[in-house]
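**Student:** Pasting a structure here, questions to come.
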Amino acid sequence: MSKKKLNRGVAVVGAGMSKFGAFSDKSSRDLFVEAFQSMRKSVDKEFNPADIETIYIGNFSSDLFEAQSHTAPIMADVAGLAPRPAVRIEDACASSGVALRQGILAIASGLYDIALVGGIEKMTNLPTAEVTDTLAAAADTLFEVPAGFTFPGFYAAIASAYMHKYGMQPEHLMNVAIKNHENGALNPNAQFGVTIPDWMQGRIASAKKKGKPVPTWSDHWDYLHDARANPMIAWPLRLFDCSPITDGAVALLLVSEEIANQFTDHPIHIIGSGQASDVALHDRDDLTSIAAARLASQEAYAMAGVTADDIRVAEVHDCFTIAEIVATEDLGFFAPGDGYKAAEDQVTARDGAKPINTSGGLKSKGHPVGASGAGQAVEIFKQMRGLADERQVAGDIPLGLSHNVGGTGGTCVVHVYERRN
Amino acid sequence: MSKKKLNRGVAVVGAGMSKFGAFSDKSSRDLFVEAFQSMRKSVDKEFNPADIETIYIGNFSSDLFEAQSHTAPIMADVAGLAPRPAVRIEDACASSGVALRQGILAIASGLYDIALVGGIEKMTNLPTAEVTDTLAAAADTLFEVPAGFTFPGFYAAIASAYMHKYGMQPEHLMNVAIKNHENGALNPNAQFGVTIPDWMQGRIASAKKKGKPVPTWSDHWDYLHDARANPMIAWPLRLFDCSPITDGAVALLLVSEEIANQFTDHPIHIIGSGQASDVALHDRDDLTSIAAARLASQEAYAMAGVTADDIRVAEVHDCFTIAEIVATEDLGFFAPGDGYKAAEDQVTARDGAKPINTSGGLKSKGHPVGASGAGQAVEIFKQMRGLADERQVAGDIPLGLSHNVGGTGGTCVVHVYERRN
Amino acid sequence: MTATKSTTTKRAFTAASFDQYLNEKKLMGSHCANCDANFLPPRAICPDCYDDQLEWVELDGKAKLAAFTSIYIAPTAMINEGYGRDKPYVAGVVELDDGVKISAQILGLDAANPEEIKIGTPLQAEFIERGEGDEKRTFLAFRAK
Amino acid sequence: MTATKSTTTKRAFTAASFDQYLNEKKLMGSHCANCDANFLPPRAICPDCYDDQLEWVELDGKAKLAAFTSIYIAPTAMINEGYGRDKPYVAGVVELDDGVKISAQILGLDAANPEEIKIGTPLQAEFIERGEGDEKRTFLAFRAK
Ligand SMILES: [Zn+2]
Ligand SMILES: [Zn+2]
């Protein structure tokens, strides 16, 4: 692969998000206002929103979730940013990771110095069955959906192939959920910011309070094996293997490298960006890996001039527990077949050698699909600037990475971030 | 406005489209394959599709029309282009005009030399009432749709304000429809490629053949005044004031200026690009003009270093007849209030001083909304290279323009094209 | 300026709050004290000074017609209300005396004779209830005076 | 290679043609003579040589299971077929002997005991009809042998 370079450097100087959760009284525009105001507060020096020149909004399907298309100018409007150009980017669950990339390209093109990148999704208006149908629209409606595949079903099929090839057991997946909830419990913006042991204790306490039969789980592993507490969704994936249905929005402020210090003394430079697409899942040579993730990360590493080993923190796309395991292999953090062992051995824990999803990941923080990619950048921005409070990874973090997948890997986009001072 | 410049020049070296129409047996991917193959044939010199580096697909709402999201990697797949990055752009009816702009920025960024820009929409699967609802999703679902506004309704309201301010009569609108059908009759890819007089004669012949009462229209003006032949949709807009519901796809090949002559001796350089957004229609100061179009064209002219008077041919967004009249004013071709007179005086006819919509426009050629903006570029590409056959504008065409609107002007994107040899 | 500022509990500047006020037969916008500007629909952020410390303001609903259409091909929601080819309705952009504009259905005009309808016609806000039970919702309309 | 090339009327390489063949109980892919490669679903353009002069090829439906899941939370279409929490079903990726793979429902396996299901299980294509009248449609499935 040629070592592609941008014509100009780009840095993140502001990053904010709404709380992630289920908000019956808020539309996606209300959530975006929250994210936008949160981003403004995150900018260290003076910042006038009127200086924003262009807007990229990642959104999967406000069409199906809110009967609202043409969302980008609406988001520009509610932030008071009309008549600036506003572009919606849709690449399924990778929509706002790709929006971030388009914001980078727009600045690198020379046309703009300051870009707003947003991500939005308002999912909880619909009943779960319709959300299932809507997410399936990210797959191939003509050839995959008629087979009865659901979105969890695709990742479950990947898990089956991975288990067959590498000997992983379904129990190994639980390590990912347990870790991500441990992280998410320290993230005030997380939708399910509670550890799984605390979740279990909450259910025991609730049963006692209501005078119902008190469950007799011996520990949280026992809890996760209980088919009533943790029902099967698509074997081998159970409820706690799946990210939730979430409302949320994110806003990032990107500027050209030359002017970054007008906004902060600690810009986070984006030194690598890679994106790739792929064919339908059934058409792929290897069902135990996401080829688009391997290609996107290779491109990002080459542009950045770094290797997987150099990355200190990473947010990876854990829409399902198996997705995180495969991602950590595709990104080159672990050899193929070693990802599940790394999760078991706590290598990916916050205090491990390769902390993954310190935000709680999509699993605990929530997965408002079109906002999730930009949301990863918020966590990296905070971690690399030492602003992640209780969940802060110890030590200096010169390099971070985000990995955002659309569908079952039809799209993958990877960014490498650098802190220079 | 600052005279913004791109870091690199970009040219169109290939442009193709599917036939526009209603195709019950074709999905949007089938139409895209047709457009892609048509684009390949349009490239003068040798061209290997494997050299394409990145893909931008404009699409309004395959979500609602086909229950299919994540359309960009699917289009990459069917064209044999995975794993190249594939990005869907959604800005309502301006989706592929904006996709073209993103392709330009991607090349200007330095990351790519060769980009494929596509546009797709497959609309005729749904019954008309659902299409009406789906198109309304491009407006503001929370504050405009509950008022009972439809998409024709918005433009009708613009027409009412325009008529009030400038004294235009509903009959003036018919000039636009008549002219565009005259042009479209010469476009083999047009959905309704027939003149309105011929359309009328066809109905008379059909009535005779079936032994039904023969209509007694004195001429095509009489026909257009007949409420049964040309029913009211949203006063003052009748059926023939509205573009049709259309299936279609478009593909454009963009390359960096330096390599353009590898593909053709006659590249069409894109020397100006402008885009702007706007608030909801009711929130605008002036209801007789689309502010985003004024701003986008000013930006495009400034980048190109040309004026409105320099433009020799233009494709403008005539989703409704009133839209073309307002567009020709917003683009600076005519003074505010003079647009309807220019249409009446044949200034915008193919042999007039300012030929507009030689393709037939959205009115006659068809309006597959997410493909329409890229479709305009196909016509400009053909006209400027002298390949528009029977509808070719006479004489040299050094400068052309396309003007693509999303919603009621929530987005507008304008491009200026130059032929140098 | 006939608008009245609200000094009671502050609801979020969302479409849901706006609808809730409509249910209470109140037409509420938001107001930026910095710019002395009203916004309808209510904005959370002032687009001129970017302040987000806005206030709710009740509008008296006096208005005039700024632009309109008479709709014959109706969306599903209006078809369900009995509108369509044989019963067109008027939708319009309305300019309130408080200096803001909004989209709304316009009542009290002859939708079947749109050429007789005059831009500038004085209007007054009206609250229409549609739907039953949990589906019941109040819509903003304006009526020709 | 057990595939049979079709020499009769050439249908467009579309999903509609594929479905039409399914209705005729035929599993049809496309074939690039340049690359001697089969494609399922049928492609119109070969992704290796970009030729578009492909041919239809009938596949014999012999296959084995490449990946699978047992689905307990079903989409609406499968709920309408009676599937769900109490009646899970198997969806899988299937590798045909002709060197192509496809997604399909897998019949003849115990969906309630997915841990007993083996990757590599031999399968045979089967055509399932669902829906009534105009809605009737043939789906591709595979059955464990
Ligand atoms: Zn203000
Ligand atoms: Zn081939």
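**Student:** Does C:Phe13 fit the bill of being among the aromatic types (Phe, Trp, Tyr), within 14 Å of chain A (Cβ to nearest Cβ), part of a helix (DSSP H, G or I) and away from ligand 2 (no atom under 16 Å from the Cβ)?
**Tutor:** So C:Phe13 does not fit the description; no.
**Student:** Within segment A:152-173, track down each residue that is of a type in the set (A, V, I, L, M, F, W, C), more than 9 Å from chain D (Cβ to nearest Cβ) and either under 16 Å from A:Asp318 (Cα atoms) or out of contact with any helix residue (DSSP H, G or I) (no Cβ under 9 Å at 6 or more places or on another chain) (or both).
**Tutor:** Correct list: A:Leu173 only.
**Student:** Another one. Would you point out which residue out of B:Gly370, B:Gly395 is at pLDDT 95 or above and not in a loop (DSSP other than H, G, I, E, B)? If you could, list the steps in order and put the result at the bottom.
**Tutor:** On the way: B:Gly395 fails: not in a loop (DSSP other than H, G, I, E, B).
Answer to the check: B:Gly370.
**Student:** When residues of segment B:186-229 are filtered for being among the hydrophobic types (A, V, I, L, M, F, W, C), touching a Lys or Arg at 6+ places or on another chain (Cβ under 6 Å) and buried (at least 17 other Cβ atoms within 10 Å of the Cβ), how many remain?
**Tutor:** So the count comes out to 2.
**Student:** Quick check on segment A:275-306: of everything there that is part of a loop (DSSP other than H, G, I, E, B) and hydroxyl-bearing (Ser, Thr, Tyr), which residue is farthest from D:Ala67 (Cα to Cα)?
**Tutor:** Filtering first and then ranking leaves A:Ser289.
**Student:** Would you mention how many residues in segment A:53-100 are more than 14 Å from chain C (Cβ to nearest Cβ) and touching a residue at least 60 places away in the same chain (Cβ under 8 Å)?
**Tutor:** Residues that pass the stated criteria total 21.
**Student:** Going by the structure shown, is A:Pro236 buried (at least 22 other Cβ atoms within 10 Å of the Cβ) and within 29 Å of A:Asp338 (Cβ to Cβ)?
**Tutor:** yes
**Student:** Now for a different question. Find all pairs meeting these conditions: Cβ atoms under 8 angstrom apart; at least six residues apart or on different chains; first residue within segment D:45-58 and within 14 Å of another protein chain (Cβ to nearest Cβ) and part of a loop (DSSP other than H, G, I, E, B); second residue aromatic (Phe, Trp, Tyr) and away from ligand 1 (no atom under 16 Å from the Cβ).
**Tutor:** D:Ile45/B:Phe36; D:Cys46/D:Phe39; D:Leu54/D:Phe13; D:Leu54/D:Phe39
**Student:** Hey, any hits in segment B:87-95 for a residue that's surrounded by 24 or more Cβ atoms within 10 Å (Cβ to Cβ) and within 24 Å of A:Asn7 (Cβ to Cβ)?
**Tutor:** Within segment B:87-95, one or more residues are surrounded by 24 or more Cβ atoms within 10 Å (Cβ to Cβ) and within 24 Å of A:Asn7 (Cβ to Cβ).
**Student:** In segment D:51-66, which residues are of a type outside the set (A, V, I, L, M) and either away from ligand 2 (no atom under 16 Å from the Cβ) or surrounded by 22 or more Cβ atoms within 10 Å (Cβ to Cβ) (or both)?
**Tutor:** So the first thing to find is which residues in segment D:51-66 are of a type outside the set (A, V, I, L, M), and the list is D:51-53, D:55-56, D:58, D:60-62, D:64.
Hits for segment D:51-66 are D:Trp56, D:Glu58, D:Asp60, D:Gly61, D:Lys62, D:Lys64.
**Student:** Please find, within segment A:101-113, the residue that is surrounded by the fewest Cβ atoms within 10 Å (Cβ to Cβ) out of those that are within 7 Å of another protein chain (Cβ to nearest Cβ) and more than 28 Å from A:Thr408 (Cα to Cα).
**Tutor:** Among those residues, the one meeting the criterion is A:Gly110.
**Student:** Same structure again: Tally time: how many residues in segment A:114-150 are more than 8 Å from chain B (Cβ to nearest Cβ) and not in a helix (DSSP H, G or I)?
**Tutor:** Adding up the residues that qualify gives 19.
Per-residue answers, yes or no, for (1) touching a His at 6+ places or on another chain (Cβ under 8 Å); (2) away from every other protein chain (no Cβ under 14 Å); (3) of a type in the set (S, T, N, Q); (4) surrounded by fewer than 24 Cβ atoms within 10 Å (Cβ to Cβ):
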residue	(1), (2), (3), (4)
B:Ala276	no, no, no, no
B:Asp283	no, no, no, yes
B:Ile290	no, no, no, no
B:Arg294	no, no, no, yes
B:Ala300	yes, no, no, no
B:Ala308	no, yes, no, yes
B:Arg312	no, yes, no, yes
B:Val326	no, no, no, no
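**Student:** All but one of (1) assigned to a loop (DSSP other than H, G, I, E, B); (2) in contact (Cβ under 8 Å) with a residue 60 or more places away in the chain hold for D:Asp19, so report the exception by its number.
**Tutor:** It is condition (1) that D:Asp19 fails.
**Student:** Restricting attention to segment D:108-145, report how many residues are aromatic (Phe, Trp, Tyr) and closer than 14 Å to D:Ala77 by Cα. Spell out the reasoning first.
**Tutor:** Quick first cut of segment D:108-145, residues aromatic (Phe, Trp, Tyr) only: D:127, D:139, D:142.
Those left that are additionally closer than 14 Å to D:Ala77 by Cα: D:139.
Selection size over segment D:108-145: 1.
**Student:** Okay, moving on. If B:Phe151 satisfies every condition in (1) buried (at least 24 other Cβ atoms within 10 Å of the Cβ); (2) over 24 Å from C:Asp19 (Cβ atoms) but one, which is the exception?
**Tutor:** Checking B:Phe151 against (1) buried (at least 24 other Cβ atoms within 10 Å of the Cβ); (2) over 24 Å from C:Asp19 (Cβ atoms), the one that fails is (2).
**Student:** Failed condition for D:Val100, given (1) surrounded by fewer than 20 Cβ atoms within 10 Å (Cβ to Cβ); (2) within 11 Å of chain A (Cβ to nearest Cβ); (3) farther than 19 Å from A:Ala156 by Cβ, with all others met?
**Tutor:** For D:Val100, the exception is condition (1).
**Student:** If you don't mind, another one. Looking only at segment C:23-44, which residues are within 13 Å of another protein chain (Cβ to nearest Cβ) and either within 8 Å of ligand 1 (Cβ to nearest atom) or part of a loop (DSSP other than H, G, I, E, B) (or both)?
**Tutor:** If the condition is that a residue be within 13 Å of another protein chain (Cβ to nearest Cβ) and either within 8 Å of ligand 1 (Cβ to nearest atom) or part of a loop (DSSP other than H, G, I, E, B) (or both), then C:Leu27, C:Cys32, C:Asn34, C:Cys35, C:Ala37, C:Leu40, C:Pro41, C:Pro42, C:Arg43, C:Ala44 are the ones that fit.
**Student:** Residue by residue through segment A:374-421, note down the ones that are under 19 Å from A:Ile322 (Cβ atoms) and within 14 Å of chain B (Cβ to nearest Cβ).
**Tutor:** Within segment A:374-421, A:Asn404, A:Val405, A:Gly406, A:Gly407, A:Thr408, A:Gly409, A:Gly410, A:Thr411, A:Cys412, A:Val414 meet the criteria.
**Student:** Within segment B:370-421, how many residues turn out to be aliphatic (A, V, I, L, M), in contact with a helix residue (DSSP H, G or I) (Cβ under 9 Å, 6 or more places away or on another chain) and surrounded by fewer than 24 Cβ atoms within 10 Å (Cβ to Cβ)?
**Tutor:** 5
**Student:** So is D:Ala44 near ligand 2 (Cβ under 9 Å from one of its atoms) and not assigned by TED's automatic domain parsing to the domain that holds D:Pro122 or not?
**Tutor:** Spelling it out, it is not the case that D:Ala44 is near ligand 2 (Cβ under 9 Å from one of its atoms) and not assigned by TED's automatic domain parsing to the domain that holds D:Pro122.
**Student:** Considering only residues that are within 17 Å of the chain's Cα centre (by Cα) and either more than 7 Å from chain B (Cβ to nearest Cβ) or surrounded by fewer than 22 Cβ atoms within 10 Å (Cβ to Cβ) (or both), which ones fall in segment C:67-77?
**Tutor:** Residues satisfying the conditions do not exist here.
**Student:** Filter segment D:1-57 for residues that are at pLDDT 95 or above, farther than 27 Å from D:Ala141 by Cβ and hydroxyl-bearing (Ser, Thr, Tyr) and give the result.
**Tutor:** D:Tyr50
**Student:** Right, next: State all residues of segment B:31-50 that are without any contact (Cβ under 8 Å) to a residue 12 or more places away in the chain and surrounded by 24 or more Cβ atoms within 10 Å (Cβ to Cβ); if no residue qualifies, say none.
**Tutor:** none
**Student:** Filter segment A:239-267 down to residues that are of a type in the set (Val, Ile, Thr), in contact with a Lys or Arg (Cβ under 9 Å, 6 or more places away or on another chain) and either within 14 Å of chain D (Cβ to nearest Cβ) or surrounded by fewer than 24 Cβ atoms within 10 Å (Cβ to Cβ) (or both), then give me how many there are.
**Tutor:** Selection size over segment A:239-267: 1.
The values are calculated or read from the model by the stated rules, or taken from the named source; none is laboratory data. As the structure is a computational prediction, the values presented were derived from the model and not from experiment. With ideal geometry, Cβ positions are generated from the backbone for all residues, glycine too; neighbour counts draw on all protein chains shown.
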